[in-house]
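The values are calculated or read from the model by the stated rules, or taken from the named source; none is laboratory data. For clarity, every value in this text was computed on a predicted model and none was experimentally measured. Cβ: placed from backbone, ideal geometry, glycine included. Neighbour counts: every protein chain shown.
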Amino acid sequence: MSKTPLYFKIIIGIVIGILWSFLSVYFGFNDFTKDWVSPFGDMFIKLLKLIAIPLILFSIISGISSLSDLLILRSMGIKTFAIYAVTTFFAITVGLFLVNYITPGKLIDEQKRIDNRLKYEMWVEQSPNISYVDDKRLLDEYGNKNIEIKDNKDIDRKMELANETKEGGPLKFLVDIIPDNIFLSLGTNSLMLQVIFFAIFFGISLLYIKGKNTQSLINIISSLNEVFLNMVNIIMKFSPFFVFCLLAGVISRMSNDINELISIFTGLGFYFLTVVLGLLFMIFVVYPLAVKIIIPKMGYVSFFKKINTAQFLAFSTSSSAATLPVTIDCVENKLNVDNRIASFVLPIGATVNMDGTSLYQAIAVIFLAQIHMIDLSFADQLIVVLTATLASIGSAAVPSAGLIMLIIILQSVNLNPAWIAIIFPIDRILDMIRTVVNVTGDITVCTLINKMEKRKNIKK
């Protein structure tokens, strides 16, 4: 069993975890799963996040301090952000194409859509600063039918966070990147961009005064980086068990009733399949094709064999930050990416590159409009594209970033932000898949930049 690849062990953990969760719901020992199994999964994520911040800090500083000059860093920085922006824009476009072609919102019960439309019109009538998106008026024909609009405290809190984010202005994320106190920033993964800023600043400062006086410090930082990478290896030995606990907890928390659990997926089935189709297209078509174009010798199967451990871990944890230590290991040791490039590109990608999240947001907005019998115009959908692209940049420091940004996008086209409650039940499952997209996108961009930098050096 010791020769069994780690990714295969993780797959076994995922499968057993999913089966366990459904059995626990069906046979009534769900509380046992939540109380005695799920906590080990939570411990796993916390362990990975524990390592992520110091690993990012020391990895970036070590990588930058080893550069010959700042021109290389500038070149990498421009390429990194440019390619990340392109992939995000493309992912959103894919999402919009699929949701407009499949129209999952129009495939549900017609009477349900009428009721939803009436709720939407009532909401517009009760909201002073909101105007109708289209010219349809069903209230004149059906009346209010005594439809009750329910409040959701959890959704209300997310709306408050979204409003706070919007009120900060378009450049607030740039202000937030700069930490008030780096020691406070090191204490939370939601402030990872601040840690990255400090690490880049620190590394550049070392580069300016590089010499005998700093070499000892550089050696210490490099050694600390190696220590944290080794901590990752130790944790990953137990990852199959932790993954089992994590998956068992995720699904068991969704419901205590098997029929309700099934209804959650069947009620949003068309939406779920549309999102999954888009995400799988990015994973298995777009990214490998991009790598193949730049690196012709890289085989399709070979690419996934080298990165599958990071992908399965991303699926299990639903966190790019938690997966980052393993992502760095895969990229450096299996794809042979230069440490200086990996240590710069991947941490940035883990915080700002949200291809999977952006694709899901685009589909979610149009789907929610469709089930409320609202046809968004081309101009409205263009606003969705632009807002989702910009939102992905500043979402890293926001708790529940995906849903918070979705609220902002809904508000940008005059739709009810409370509608996120409709898709909330299956968001955790979709989050697992879109995190795989995010991590695969990070790896792809890192691989491309590594190849570009090598070609540039050869020409020199």
* Asked: In the stretch 55-65, is there at least one residue being in contact with a helix residue (DSSP H, G or I) (Cβ under 8 Å, 6 or more places away or on another chain) and surrounded by fewer than 17 Cβ atoms within 10 Å (Cβ to Cβ)?
  -> no
* Looking at ASN129, ASN116, ASN100, which one is closer than 22 Å to TRP419 by Cβ and modelled with pLDDT under 85? -> ASN129
* **Residues located in the stretch 325-352, provided they are of a type in the set (Asp, Glu) and assigned to a helix (DSSP H, G or I)** => ASP329, GLU332
* **Residue in the stretch 369-390 that is assigned to a loop (DSSP other than H, G, I, E, B), polar (S, T, N, Q) and crowded, with 24+ Cβ neighbours inside 10 Å present** => no
* Looking only at the stretch 26-35, which residues are farther than 21 Å from SER318 by Cα and in a helix (DSSP H, G or I)? -> TYR26, PHE27, ASN30, ASP31, PHE32
* **Of the criteria (1) closer than 21 Å to GLY17 by Cβ; (2) under 21 Å from the mean Cα position of the chain (by Cα); (3) among the hydroxyl-bearing types (Ser, Thr, Tyr), which one SER252 fails** => (2)
* Asked: Mind checking which residues of the stretch 1-30 are charged (D, E, K, R) and either under 18 Å from ILE307 (Cβ atoms) or touching a residue at least 12 places away in the same chain (Cβ under 8 Å) (or both)?
  -> LYS9
* Structure fact -> With the first residue restricted to the stretch 369-390 and required to be more than 27 Å from LEU138 (Cα to Cα), and the second required to be aliphatic (A, V, I, L, M), Cβ contacts under 6 Å at 6 or more apart or on different chains are VAL385/ILE92; THR387/ILE409; ALA388/ILE92; ALA388/ALA362; ALA388/ILE409
* Asked: closer than 20 Å to ALA290 by Cα, touching an Asp or Glu at 6+ places or on another chain (Cβ under 7 Å), buried (at least 16 other Cβ atoms within 10 Å of the Cβ) and not acidic (Asp, Glu) - does that describe any residue in the stretch 92-103?
  -> no
* **ILE293 buried (at least 19 other Cβ atoms within 10 Å of the Cβ) and not hydroxyl-bearing (Ser, Thr, Tyr)** => no
* For SER222, work out the one condition from (1) farther than 27 Å from ILE328 by Cα; (2) of a type in the set (Gly, Ala, Ser); (3) touching a helix residue (DSSP H, G or I) at 6+ places or on another chain (Cβ under 7 Å) it doesn't fulfil. => (1)
* Structure fact -> Considering the stretch 270-303, residues that are among the small types (Gly, Ala, Ser) and touching a Leu at 6+ places or on another chain (Cβ under 9 Å), and then whichever is farthest from PHE367 (Cα to Cα), we arrive at ALA290
* For the stretch 70-110, enumerate the residues that are free of Cβ contacts under 8 Å to residues at least 24 places away in the same chain and not in a helix (DSSP H, G or I). => ASP109
* Asked: Would a scan of the stretch 186-193 turn up a residue that is within 24 Å of the chain's Cα centre (by Cα) and modelled with pLDDT of 80 or more?
  -> yes
* Filter result (surrounded by 12 or more Cβ atoms within 10 Å (Cβ to Cβ), of a type outside the set (Lys, Arg) and either free of Cβ contacts under 8 Å to residues at least 40 places away in the same chain or not in a helix (DSSP H, G or I) (or both)) within the stretch 227-256 -> VAL227, PHE238, MET254, SER255, ASN256
